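Encoded as structure tokens, the structure appears first; notes follow it.
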Amino acid sequence: MIRVKIDSQKCKGCKLCIYYCPRKLIKESKKLNKKGIYVVEFDNSKDESFGCKQCAIMCPEGAIEIIDDEREKNKKR
């Protein structure tokens, strides 16, 4: 399973990740971070990410991390 982890405190709300996500799985949140910025969130109600990492690559703040649970599991063996 692929997980998308977004650090809301690093997010500056530029929305590049929303624009570049091929499956449109990232959306603007209604939550504000400590800077008073509406951040983004992964919308896991739509579909599962396939791990292309476009959102993480495009994020200028490095606020997005893609975690592949299967890969992590295999590393520990």
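The values are calculated or read from the model by the stated rules, or taken from the named source; none is laboratory data. Computed from a prediction, not measured in an experiment: that's the story for all the values here. Here the Cβ positions follow ideal geometry from the backbone for every residue, glycine too, while neighbour counts run over all protein chains shown. Side chains included, ligands, DNA and RNA excluded: accessible areas come from the protein's heavy atoms. Shrake-Rupley method; radii C 1.70, N 1.55, O 1.52, S 1.80 Å.
State which entries of K5/K34; K27/K75; K15/K35; K31/K75 exceed 25 angstrom in Cα-Cα distance in the structure shown. Going by Cα-Cα distance, K27/K75; K31/K75 fall outside the 25 Å limit. Which of these values of Cα extents along the principal axes in Å was calculated from the structure shown: (i) 42, 23, 21; (ii) 39, 24, 20; (iii) 60, 27, 14? It is the one labelled (i).
Among M1, M58, the order of accessible area from largest down is M1, M58, computed with a 1.4 Å probe on protein heavy atoms. Can you give the longest stretch of the chain with no exposed loop site, where a site means GluC sites (Glu not before Pro) in a DSSP loop (not H, G, I, E or B) with at most 14 other C-beta atoms within 10 Å? That gives 1-47 as the longest site-free run. Cβ screening of the chain for cysteine pairs under 4.7 Å finds these without a partner: C11, C14, C21, C52, C59.
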